[in-house]
Every structure is written in structure tokens, then in C-alpha cells.
Amino acid sequence: MKKQNFFLFLIIILFSLFIFDKKIFAFDNFIEDFNSNYSNPGLWNVNPNQGEINFSDRSIILSSSKKSFPFIVNSQNLNLDGDFEIELSFKYGSPFNFGSGINFYTENGSIFGVWQDNVEKLRYFTNLCTDQNQNCTGTSIFYKTVNNDTNSHTIKYNYSQNKYNIYIDNQLLFTSSETNLIPKNIRIGNSYVLSTNNVWATLSIDYIHITSLGKTLNVPFYSQNDPAWGNDEYDHANGWISEYPGSEPDIDHWGCAMTSAAMVLNYFGIDVTPNNEPLNPKTLNEWLKNKVSLNNLMGNYPGYFPNGWINWNAVRQLAFFFKPDIEVKQIWNSGVSTENIDNNIPEIIQLKGINSSYWNNSSSHFVVIKGYSNDNFIINDPEDQFTILPKSYLLIDQRIILSENSNKSIKNYLTFNGSNNVNFLLTDKDGKRTGRDKQGNIYEEIPDSYYYVGSLPAGEASESAHLFQELSVSAEATPSYSLLVSSIDETDYDLSFNLLNKDNVLNGKDFLDKKIYADEEIEYEIADDIVEEVVSFNTLRKYIKEQTELGNISKDKVAKILLADLAISERMYERGKIKITKQLLDVEIKLVKAFSHKFIDHETKEELIALIKELKDNL
């Protein structure tokens, strides 16, 4: 590459970084102390005009007895983002005829400042409006003195939650309505030129400090308690609410995660459902319950799991449907930082160990982090109880982060959700594992996978919180896994599976009230969006026992004969004698047929034979 072309290329790269890299435009504190000189002379364009600019050991002093007065302007636009505070200390000298001041400007004109002359004396002014007069025009003087004022004063312009609070000597004198007006320039002195010499108001400034107070994103707020939807049935809670004594089956008690999702989806401009209804907690809940979609493009698996836990794959699918660049990430057991807020990305977080008058200590709760200050995160709490969360709060289960990423990779998202009284262990084709084995060991070996045991956000009045487990993995390749369910004790379990594929179609299957015997292992095979229980010796053994208990195998001796042959077959299989194992299973089929005339009913016979044949095929 020629040297000229190389330097041109380098300039283009640097320019694109300057334009597009948000970190270059991060908030810069502006600190000017005027101690014997400018703290940074490069910050200012200085025009003494015919006046004088002097420094004491702690301040700058502007004065003039000529036709013009010094005029100083910051040399680069202020780079203010998020919440901030401007603080300055000043005083005027005496006597004088013509005024001077400190003025803060946006691109379109003055926003606020201080001025003193011999006519209207010291006055504090603004072009902002108040909540009581949001259609104001012109400049408002919200405080002025009767006489000339030569005392030292401190002004604070505090910008937080899109409003200004203006303090004079620590007394709040003005609160604005919501505004996006942010100062870009500081203008000190007076640029006017008189026709004759005169005495100007001497202005002494001790310091000007502009510091970040954090940042707050304009995330719309919804309350799960809102009468417009608070009493609506959450999910299909009437079917499972009996498991939670003292609670009610409505959004008010259960809808914090779903309501948080509604807030963040709206923040990203997704303000309607696929049914073209305004997206709010009411309509989002209905869509998640029924998953009705346009042209059946979204598959048939619902947006809630049978235990009431929100299916984040459904939220991921909804976001992708309207904005393919939206990426939804789940991050577990991780603290929250301010980086996402700085990049205009709110977070949904799940808090655990909530202990208040509203939340059971064993329960959990979802909120939206929309900003931060020095010590706290600023939140939208769906329960409408709190507005801040201390940064020191460490009990965070998971973070759900929606962000716009045009370079995201398109993946398949596979999720298992089920009861916590059994063990789920997922294994990929390379033998890597994620989940919990029979001995209680936890694994997260599969790339981009997580395993989680938690409780449903159980509402303000619930007396108990039931644990469940969730296992998830995302991958670009077509899913191919095995899931092993194991238990030490005999019990019933629930297992729900769903897959959001690369075409944004969500399908799944529920295995509810499944029985597992003590020390049994049940295997499921997952290929693409099909999940099936793998027929094993345990499967056959369990089926024979169940049918005997139901009376469909009418003689215990018949069941014992079938189980004995099955045990011998399994022993041969464990020794690697596959041919003998298959021969013994053929014997099992013949026994079933022989006994079916008197002791095994027809449907049980057909199912047994089908299971034995499938087991043979799996060997």
C-alpha cells in the first residue's frame, strides 16, 4: 500500500471511531477551579476585549471601566450525558452601571444563568418551564434581589430523571418540567460593546464543576397492580394456584417478570403484539398464554411453562419477529454494572432473597434497571414499591438483556424446565454435560449453556415458593442432545421442552406427571425440535409394574416371569452380548403373546411388544 493511501486509510479509521465509538463520547467531568490560573487553558476561548482578567489564588476576576467587558466561552462543546450536576460559586463587586453574568447555552439559545446590573439587580433566570406551566415562553426570572448583591453565592443545576432542580445556596428554588435540553456552552462576562467608557459589574468566579450523577434511560413504566390488568388471570394460574396457599392467580401477584418484559420491549419500540394490539402487561400476558400469531409463523408452544415461569424464548421470538437485530441474553449469577446503561441498554434482573412486607424471603422478584446514580441503580419496580436498588445488593439470580446487535449470530435456543425433585443432566455429542447428576454434582460444560434452580416470583401474599430447575443451551448447530432424568426416590416429575429455531419458530413438548422409580434413570433424545423418551430396560420394567398395578396384567406370576427374562436380557447387554440380548428380547415378545390370551389385555400387549421392538432397535 502506498504511504499516502495508508495515511488516508488511517484517517478514515480514526474518523469512524470518533463518530461511532460511544466510549469516546462518554461523559467527561468538567472541573475548573481558577486557582491562580485556568485549570486547563485549552478549555476556554478568552476575549479580554478592553477589560481586565485577573486571578487570585482561588478565583478569576473579570472587570472593566472601558467600552467592553471580558467575554469567555468554553472552547469545546460540553459532553453531558445522563444525569449530572453543575455547581459554581461566584460574587459581584461594587459599584457598577452595566451588567455581566454567567450563562449556559444549548444549540438554540440560553437555558439558564445568573446576571447582575444596576437596573434589575442580581437575578437568576431560566428558559425552562415548570410542571405547572409547561407551555411557557420566554425567559423566567425565578429569583432576584431588591438591592445590588455583593455576597458569595453557590448555584447548583441538578439534572436527574429528565428534570432540573436549581438550588441557590443549597435552597431549592426551581424545578422544571421534563426536558431534553442539555447545555453545550458556558458564556462568562458580557460581549456587548458600549459607545462610551463605563463601569461594569465586576464578576469573580471561584469554580465551575460539572460532574456526572449517573444516567437514566427513558424506559416506560408499567405496574403489575394497574386496575386495567392487575386482576387478569396470569398465565393459566387457576390451574396451579392451589399449590401456593394465600396467593391469587392474577397479574398483580405473579406478573413481575412479564410486566418487566413489557417495559423493555416498549423501550426498544416494540409497542404492539403480533396480533397488532398495543403491547402492555394485559396484551402481552394474553399473547404469552395463547401464542396466537400471524400466519402461524411462530409455532405452537406457549409463552409460559406449566409451572407459570415465563418462557424467555417466547420473548426472544416476539422481539425477533418485529426487530431481527434484537438480541436477548440471559446471564446467571452475575453482578450488574453500569456499562449497559451507558450504552443505552436497560436490564431486567431477577432479585432473590427478597425480604420485605411485600415479598416472601424465599421468593424472587423481577425489576428493570434503567439508570444509576453514585450509590444506587435506578429501577422500574413492577410492584411500584421502590425506585432505587443499592449497588451493593448482591442477591441477583439472573439478568435478561435486550439489545440491538446487527452482527448477532442466529442460533437455536433449547430450554428444559421442570420440577426440582429429580435430576436433569444434558449431554452433547462430544460428551460435555450441563445440569445435575444423580449424586447432586452440577455441570456447565456445554458451551453457551446454563443450569439454574430457582423459585417462581411468588407474589406478595404467597406463603411458599416452589423450587424448579431450568436448563438451557444456545448453539448455531442443529440440536442433538440426550437428557437423563434420575432420582433417588420414587416420585412424579414434570418436564417441559421447547426449541426456538433459527427460523424463529418455537415448538415444544410437555411431559407432565411422569413417574420415576427409586434409582431409575430415564433418557430423552433431542434431535432438532423432536424430543422423545428413549426406551430402555428401565422403561420396560416400569411399564410392566404399572400395568400390573392397574390390573392390565392380571397375574403377579406373569409379571415376575416377564421381569425375570428382562433382567437376564439386561445382564447380557451389560456384558456386551448384544446378539444374545436380542434373542432374549424375542423370547420376551413370545411370552407376551402367549400370556395375552388370559392374563394381558390387548392394548397392553400391543404397547409391550412395540416397546420391546424399540428397545431392540436402540441396542
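The values are calculated or read from the model by the stated rules, or taken from the named source; none is laboratory data. Keep in mind the model is a prediction, meaning the values are calculated, not measured. Note that each Cβ is placed from the backbone with ideal geometry, even for glycine, and that neighbours are counted across all protein chains shown.
Here are some notes:
- Test: residue in the range 591-601 that is buried (at least 16 other Cβ atoms within 10 Å of the Cβ), within 56 Å of the chain's Cα centre (by Cα) and closer than 15 Å to residue 543 by Cβ: no
- Subset tally (residues that are farther than 30 Å from residue 65 by Cβ and modelled with pLDDT under 95) for the range 136-157: 5
- Residue count, the range 468-521 (criterion: assigned to a strand (DSSP E or B) and within 23 Å of the chain's Cα centre (by Cα)): 12
- Hey, residue 565 assigned to a helix (DSSP H, G or I), out of contact with any helix residue (DSSP H, G or I) (no Cβ under 7 Å at 6 or more places or on another chain), at pLDDT 90 or above and under 26 Å from residue 532 (Cβ atoms) or not: no
- Filter result for the condition that a residue is at pLDDT below 90, in the same structural domain as residue 266 (by the TED database) and of a type in the set (Phe, Trp, Tyr), over 312, 332, 287: 332
- Of the candidates 556, 586, the single residue that is farther than 14 Å from residue 615 by Cβ and of a type outside the set (S, T, N, Q) is 556.
- Checklist (1) crowded, with 20+ Cβ neighbours inside 10 Å; (2) touching an Asp or Glu at 6+ places or on another chain (Cβ under 6 Å); (3) polar (S, T, N, Q) applied to residue 211, failing item: (1)
- Residue, farthest from residue 320 (Cα to Cα), within the range 393-408, restricted to residues that are in contact with a strand residue (DSSP E or B) (Cβ under 9 Å, 6 or more places away or on another chain) and hydroxyl-bearing (Ser, Thr, Tyr): 393
- No other residue among 526, 522 is among the β-branched types (Val, Ile, Thr) and within 30 Å of residue 318 (Cβ to Cβ) apart from 526.
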